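Novice: Once you've had a glance at the structure underneath, I'll fire off some questions.
The values are calculated or read from the model by the stated rules, or taken from the named source; none is laboratory data. Predicted model, so just to flag it, every value in this text is computed and none were measured. Using ideal geometry, Cβ is built from the backbone for each residue, glycine included, and neighbour counts are taken over all protein chains shown. Keep in mind that these areas ignore ligands, DNA and RNA; they rest on the heavy atoms of the full protein, side chains included. Shrake-Rupley method; radii C 1.70, N 1.55, O 1.52, S 1.80 Å.
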Amino acid sequence: MSLLPTSQNQAGPSTSSETLHPHSKSDTALTSRQREKAPLRKNVDVDEIKFDDNDSDQEIDLIISQYLESRNIPTITQFWNENVLGMNDSREKKEWIEDVERCILDGDYSSIEGLISKPGLLKYQTQKSFLYLCWRQQFLEHVENRESQKAFNLLSKRLKPLEHYQPVPYDFYSLSYLTSASTVHDAPTFRDWAGVGPEREKLVAVWRELMGSERCDDSEKRYVAPDRLRTLLKQAAAWQISQVGHASDTGAVKIPTLLTDYRPLQLPDRLYHLIKGHTANVKCVDLIGSHGELGVSGASDSTLRIFSTEDYSTKHVLQGHTSRIWSCSTSDSGSLIASGSGDGSIRFWDVASGECMNVLYGDGGDVYSVKWRPGREDQVVSASYDRILRSWDIETSKQLRTFSGHSQSTLAVTFDYTGNMIASGSKDKHIRLWDAVGGTCIKNIPGCLGEITSVEFDQQGRYLLAGCKDNSNRLWDLRMQRNIYRYTGHQNTSKNLIRCSFAHDASLIIGGSEDGCIYLWEREGSSSISSSSMIAPDSKSLLPQQQIGTPSFYPPREKTMTTTDKTSIQTVRPLKVLEGHGEGSVFDVVWKDGRVLSAREDGLVGVWGT
């Protein structure tokens, strides 16, 4: 007899017909005439999909085993196969089987639980079912020997937790009835009870049948199609993509992450509003909060403004600086703003009230950049005119550490996501990486032909993006320790601090330009060509004359050209250009959750969207 329901599975690939997805490859292989005659198929909602719990769990276990084997992790694969799939044909396993039989015949039920849990003997659910039978046998023996107290304790402590593993309905109810009976035969269910010895022999027969079926399952391991896990993930992604109606010109769709549902990339293409209020050029902007419902801007009129990105109303005007605002940065919680100014001070503002909470005074001249340490609201780092970086403790208003090494003014600074590494850019055309705790310079990165106006790490700390005053933004792969992409098309040669940053989970680069446009590039550079075979055109040549005045356009893009020199830098042309600011530079651009803010030379802040 079998304790658990078994499914009949045959080895080898399935020959049954499968329902194809409307966007599957089989559809694309059909001719237009065949597709026209093909019956329409209804899209199925996720909630309508049902699995057989037992079979699906086993199949998932097999797929995981295949994936572990493909990753070439033998130790973990063997552990998974033995402890989850129950695949163990060693001599030790045979000894365990014989030990279980011996314990049943000797009535040593307390040792059985440890033996049947050995790796490779039984699956978890089968272990519990057989264990119920063992405790049941011991309970009946206690009743037969008139040991009512032992029987009651066994029923409440051992059998009750396994009640839902009973082999037939009301079996546990019958056992409970026997606690007040004189013999086993008093319960109708157990009138055929044959006595202790014969019943133990029956239990041994059940055990042998179980182990025979387990060995059969091992020898006839179910067929799993090659690379099944990735195939299922691709099918799930294809369904999600079909639901949002994405259409790809190239036929390939890149999935940025498996941890969240697919969301198509929607580039900003509309200038929703121009926020007024500043009386001089706007040098910096930032979005506040996880979704950017508020924004902050700093300008050469020595003020900062907090405004709504939804109704564009001004919430607070932050006054206190006596010179232009070079940099503003919001804390992770979105409750505080730090600002660096030409008056040499760093001020901290409360977003809710607009009040200045603290002021730090240094002796390094203009503060060109200030950034919060990730996960901390009591530490910032600043870059100053005197070539020195400073780490500050806000609560004590004291310098924690200084970082010296640049030969000219430091213009940009940032932390990586851990807060343990700092990157800085300078007028000396070098980028330096620093140990934030020890204060030592880890690496000096040359290679730019102009001043470094901005630096930023991606979320994983693998890439470093820098804006350079040589009409380029550059991307370094910190693991490979080399410059891999050079983003061109914009202008950055003469104006102070044209910045760039990552956007859309670091899959895009967005930056300002001296020609009054906002430029977007793909990080991986699908429109890139080898730097050894490209001469960068003037950015104005990208603007088609018949389209001047439109809010956005897509410049011509070129396919990637392979090169035999694998270490050459790939030059990437813009993915999209947003115009609408008119004359004057765009100094700073930030992107968060579909919202884009731009800082304009004419004193306005642009709010962009899709």
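Novice: Give the range 415-432 a look and list any residue that's open to solvent by 10 Å² or more (accessible area, probe 1.4 Å) and in a strand (DSSP E or B), or say none.
Specialist: Result: Phe415, Met421, Arg432.
Novice: Does at least one position in the range 436-447 carry a residue that is open to solvent by 20 Å² or more (accessible area, probe 1.4 Å), at pLDDT below 95, within 28 Å of the chain's Cα centre (by Cα) and under 16 Å from Thr330 (Cα atoms)?
Specialist: The answer is no; no qualifying residue exists.
Novice: Let me ask something else. Yes or no: Arg387 assigned to a loop (DSSP other than H, G, I, E, B), out of contact with any helix residue (DSSP H, G or I) (no Cβ under 8 Å at 6 or more places or on another chain) and on the phi > 0 side of the Ramachandran plot? Walk me through it before giving the result.
Specialist: Numbers: assigned to a loop (DSSP other than H, G, I, E, B): yes; out of contact with any helix residue (DSSP H, G or I) (no Cβ under 8 Å at 6 or more places or on another chain): yes; on the phi > 0 side of the Ramachandran plot: yes.
Yes; evaluated as a whole, the condition is true for this residue.
Novice: Could I ask something else about it? What pairs come out if I take residues in the range 277-290 that are within 13 Å of Ser585 (Cβ to Cβ) and pair them with residues that are among the basic types (Lys, Arg) whose C-beta lies under 7 Å away, six or more apart or interchain?
Specialist: Once the first residue is within 13 Å of Ser585 (Cβ to Cβ) and sits in the range 277-290, its partners that are among the basic types (Lys, Arg) give Val282/Arg600; Lys283/Arg324.
Novice: Another question about this same structure. Spot the failing condition for Tyr124; the list is (1) assigned by the TED database to the domain that holds Asp192; (2) closer than 30 Å to Val224 by Cβ; (3) touching an Asp or Glu at 6+ places or on another chain (Cβ under 9 Å), and only one is missed.
Specialist: That leaves (3) as the condition not met.
Novice: Being over 53 Å from the mean Cα position of the chain (by Cα), assigned by the TED database to the domain that holds Ile116 and within 18 Å of Leu105 (Cβ to Cβ) narrows it down to one of His185, His142, so name that one.
Specialist: The match here is His142.
Novice: Out of Leu497, Leu520, report the one residue that is in a loop (DSSP other than H, G, I, E, B), of a type outside the set (Ser, Thr, Tyr) and in contact with a strand residue (DSSP E or B) (Cβ under 6 Å, 6 or more places away or on another chain).
Specialist: Leu497
Novice: Of all residues in the range 344-360, how many are touching a residue at least 40 places away in the same chain (Cβ under 8 Å) and not aromatic (Phe, Trp, Tyr)? So that I can check it myself, show each step before the final result.
Specialist: Here is the first cut: in the range 344-360, the ones touching a residue at least 40 places away in the same chain (Cβ under 8 Å) are 344, 346, 348-349, 351, 354.
With the extra rule that they be not aromatic (Phe, Trp, Tyr), the set shrinks to 344, 346, 351, 354.
Here the count works out to 4.
Novice: Output the residues belonging to the range 282-311 that are open to solvent by 40 Å² or more (accessible area, probe 1.4 Å) and not in a strand (DSSP E or B).
Specialist: Matches in the range 282-311: Ser290, His291, Glu293, Glu310, Asp311.
Novice: Right, next: Could you list, in sequence order, all residues of the range 463-477 that are more than 19 Å from Asp588 (Cβ to Cβ) and in contact with an Asp or Glu (Cβ under 7 Å, 6 or more places away or on another chain)?
Specialist: Answer for the range 463-477, where residues must be more than 19 Å from Asp588 (Cβ to Cβ) and in contact with an Asp or Glu (Cβ under 7 Å, 6 or more places away or on another chain): just Tyr463.
Novice: Return the total of residues in the range 221-232 being open to solvent by less than 70 Å² (accessible area, probe 1.4 Å) and either modelled with pLDDT of 80 or more or touching a Lys or Arg at 6+ places or on another chain (Cβ under 6 Å) (or both).
Specialist: Selection size over the range 221-232: 5.
Novice: On to the next question. Restricting to the range 88-111, and then to whatever is of a type in the set (S, T, N, Q) and under 30 Å from Ser176 (Cβ atoms), can you tell me which residue is least open to solvent (accessible area, probe 1.4 Å)?
Specialist: Ser111
Novice: Also, quick follow-up: Do the conditions hold for Leu575, that is, is it modelled with pLDDT of 70 or more and out of contact with any His (no Cβ under 9 Å at 6 or more places or on another chain)? So that I can check it myself, show each step before the final result.
Specialist: Values: modelled with pLDDT of 70 or more: yes; out of contact with any His (no Cβ under 9 Å at 6 or more places or on another chain): yes.
Against the criterion (modelled with pLDDT of 70 or more and out of contact with any His (no Cβ under 9 Å at 6 or more places or on another chain)), Leu575 qualifies.
Novice: Restricting the first residue to the range 55-80 and requiring it to be under 15 Å from Pro119 (Cα atoms) and free of Cβ contacts under 8 Å to residues at least 40 places away in the same chain, which pairs with a second residue that is open to solvent by 90 Å² or more (accessible area, probe 1.4 Å) and in a helix (DSSP H, G or I) meet a Cβ separation below 7 Å and a spacing of at least six or different chains?
Specialist: Thr77/Glu69
Novice: Could you check the range 454-488 and list, in sequence order, the residues that are open to solvent by less than 10 Å² (accessible area, probe 1.4 Å) and farther than 20 Å from Leu433 by Cα?
Specialist: Answer for the range 454-488, where residues must be open to solvent by less than 10 Å² (accessible area, probe 1.4 Å) and farther than 20 Å from Leu433 by Cα: Ser472, Tyr487, Thr488.
Novice: Scan (1) aliphatic (A, V, I, L, M); (2) over 27 Å from the mean Cα position of the chain (by Cα); (3) buried (at least 19 other Cβ atoms within 10 Å of the Cβ) for the single condition Met357 breaks and write down its number.
Specialist: Single failed check for Met357: (3).
Novice: If you check Gly114 against the conditions, is it surrounded by fewer than 14 Cβ atoms within 10 Å (Cβ to Cβ), in contact (Cβ under 8 Å) with a residue 40 or more places away in the chain and of a type outside the set (Lys, Arg)?
Specialist: Judged against the criteria, Gly114 is not a match.
Novice: Same structure, new question: Would the range 380-392 turn up any residue that is open to solvent by 50 Å² or more (accessible area, probe 1.4 Å), within 30 Å of Leu604 (Cβ to Cβ), over 34 Å from the mean Cα position of the chain (by Cα) and in the same structural domain as Lys443 (by the TED database)?
Specialist: Looking for residues that are open to solvent by 50 Å² or more (accessible area, probe 1.4 Å), within 30 Å of Leu604 (Cβ to Cβ), over 34 Å from the mean Cα position of the chain (by Cα) and in the same structural domain as Lys443 (by the TED database), one finds at least one in the range 380-392, hence yes.
Novice: Testing Leu400 on (1) open to solvent by 10 Å² or more (accessible area, probe 1.4 Å); (2) more than 23 Å from Asp378 (Cβ to Cβ), one condition comes back false. Which one is that?
Specialist: (2)
Novice: Which residues, counting only those in the range 267-303, are of a type in the set (Gly, Ala, Ser) and either closer than 19 Å to Gly516 by Cα or not assigned by the TED database to the domain that holds Gly512 (or both)?
Specialist: Those that are of a type in the set (Gly, Ala, Ser) and either closer than 19 Å to Gly516 by Cα or not assigned by the TED database to the domain that holds Gly512 (or both): Ala280, Ser297, Gly298, Ala299, Ser300.
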